[in-house]
Amino acid sequence: MDYQGKVAVVTGAANGFGMEFARQAAQKGMKLSLADIDGVNLAKVEKELKAQGAEVITSVFDVRSLEDFQAFAKKTIDHYGAVDLFFNNAGVAVVGTIWLMSDKDWKWGLEVNVLGIFHGIKAFVPFMISQDKECRIINTASIGGLLTSPNSPNYIATKHACVALTEVLARQLEAWQTKVKAQVFCPGFVVTDLHNCERHRPAELKNDPDDPYYSSEDFRDKTQKMADQVLGGIPLTEGIQRLFKGIEEGKLHILTHPQYKPVVEARFKMILDSMPQ
């Protein structure tokens, strides 16, 4: 693919996947429009990339707000006049046991990981279609969007929703005969700071400090397990290199860890075996 001079839009760009995607996109000669709820780290990323000669604009907002997402899209389009790669990436992880978790846990996870993805589609895809040129939207899900795990039900449920939403989006874009291609990023464990996303939780959705579940052994064990899994993953640079490779190959589902293939096959075989004869 020819990246030079093209425009990359990235949400969740202050940390993790979004930050490294922005770095590698800048190295490929792309212009950048970056967004995150974390204004402090976003400013550091902007300074770093500009020092390397990249053209960068930034916006600080919460993807739960459609109005703010639309303002971000307008700012991007007004400044660059084009969108070539849209990495719809911002997300959070919440752990716990389903019936013991608070409604605030579920509200936060659903609003960021599902509504946030929808808001990105709503804000950018109409313009991307109107360009009438080849361009791509890549939504970040997870290998957890293809499998299940007992550690983080909210995360698993929302990432399954992201995978399904992207599959439908891809089919609709094709049916409308657009030049926009949708892809979904389903990484395995990669060293990001996903286990630290609690610091971005809005005040109105913070859990009651007196709720005994959040000081329980079950919650502590699940929290530690998530941290261990994230920090035991492959390097972030490698994860994003595999993402760019998947983008270039045009695959609908972009995975990072080939070792998950037999596990995914086993899950779908179980489903197929359950179908009536």
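The values are calculated or read from the model by the stated rules, or taken from the named source; none is laboratory data. Remember, predicted model here, so these are calculated numbers, not experimental data. Because the Cβ atoms are built from the backbone with ideal geometry, glycine has one as well, and the counts that use them run over all protein chains shown. These area figures cover heavy atoms from the full protein model, side chains too; ligands, DNA and RNA do not enter into them. Shrake-Rupley method; radii C 1.70, N 1.55, O 1.52, S 1.80 Å.
Just to be sure before I move on: is residue 112 over 18 Å from residue 30 (Cβ atoms) and in contact with a helix residue (DSSP H, G or I) (Cβ under 6 Å, 6 or more places away or on another chain) in the structure I sent?
no
In this structure, is residue 132 of a type outside the set (A, V, I, L, M, F, W, C), part of a loop (DSSP other than H, G, I, E, B) and either touching a Cys at 6+ places or on another chain (Cβ under 7 Å) or closer than 27 Å to residue 74 by Cβ (or both)? Before you say what the answer is, go through the steps one by one.
Numbers: of a type outside the set (A, V, I, L, M, F, W, C): yes; part of a loop (DSSP other than H, G, I, E, B): yes; either touching a Cys at 6+ places or on another chain (Cβ under 7 Å) or closer than 27 Å to residue 74 by Cβ (or both): yes.
Yes.
Taking segment 230-249 on its own, how many of its residues are closer than 14 Å to residue 182 by Cα and open to solvent by 70 Å² or more (accessible area, probe 1.4 Å)?
Counting residues in segment 230-249 that are closer than 14 Å to residue 182 by Cα and open to solvent by 70 Å² or more (accessible area, probe 1.4 Å) gives 2.
What are the residues in segment 198-217 that are part of a helix (DSSP H, G or I), open to solvent by less than 90 Å² (accessible area, probe 1.4 Å) and under 14 Å from residue 102 (Cβ atoms), if any?
If the condition is that a residue be part of a helix (DSSP H, G or I), open to solvent by less than 90 Å² (accessible area, probe 1.4 Å) and under 14 Å from residue 102 (Cβ atoms), then 198, 205, 213, 214, 215 are the ones that fit.
Quick one: is residue 254 closer than 28 Å to residue 38 by Cβ and in a strand (DSSP E or B)?
Considered against the rule, which asks whether it is closer than 28 Å to residue 38 by Cβ and in a strand (DSSP E or B), residue 254 comes out as yes.
Please state which of the following conditions residue 224 fails to meet, knowing it meets all the rest: (1) farther than 30 Å from residue 127 by Cα; (2) assigned to a loop (DSSP other than H, G, I, E, B); (3) at pLDDT 95 or above.
Of everything listed in (1) farther than 30 Å from residue 127 by Cα; (2) assigned to a loop (DSSP other than H, G, I, E, B); (3) at pLDDT 95 or above, residue 224 misses just condition (2).
Condition first: touching a strand residue (DSSP E or B) at 6+ places or on another chain (Cβ under 9 Å), over 26 Å from residue 148 (Cβ atoms) and of a type outside the set (Ser, Thr, Tyr). Can you find one or more residues in segment 247-259 that meet it?
The answer is yes, given that some residue of segment 247-259 is touching a strand residue (DSSP E or B) at 6+ places or on another chain (Cβ under 9 Å), over 26 Å from residue 148 (Cβ atoms) and of a type outside the set (Ser, Thr, Tyr).
Identify, by number, the condition in (1) of a type in the set (S, T, N, Q); (2) crowded, with 24+ Cβ neighbours inside 10 Å; (3) farther than 24 Å from residue 223 by Cα that residue 113 doesn't meet.
(3)
Scan segment 62-108 for residues that are of a type in the set (Val, Ile, Thr), farther than 13 Å from residue 11 by Cβ and crowded, with 17+ Cβ neighbours inside 10 Å and jot them down.
77, 94, 95
Tell me which of these residue 61 doesn't satisfy, since it passes every other one: (1) under 18 Å from residue 200 (Cβ atoms); (2) touching a Lys or Arg at 6+ places or on another chain (Cβ under 7 Å).
Checking residue 61 against (1) under 18 Å from residue 200 (Cβ atoms); (2) touching a Lys or Arg at 6+ places or on another chain (Cβ under 7 Å), the one that fails is (2).
Can you go through 222, 261, 269 and tell me which one is of a type in the set (Lys, Arg) and in contact (Cβ under 8 Å) with a residue 60 or more places away in the chain?
Numbers: 261 fails: in contact (Cβ under 8 Å) with a residue 60 or more places away in the chain; 269 fails: in contact (Cβ under 8 Å) with a residue 60 or more places away in the chain.
Step by step, each of 222, 261, 269 is checked, and only 222 is of a type in the set (Lys, Arg) and in contact (Cβ under 8 Å) with a residue 60 or more places away in the chain.
If I go through segment 150-182 residue by residue, how many of them are surrounded by 14 or more Cβ atoms within 10 Å (Cβ to Cβ), basic (Lys, Arg) and assigned to a helix (DSSP H, G or I)?
1
Modelled with pLDDT of 95 or more, open to solvent by 40 Å² or more (accessible area, probe 1.4 Å) and at negative phi - does that describe any residue in segment 137-147?
no
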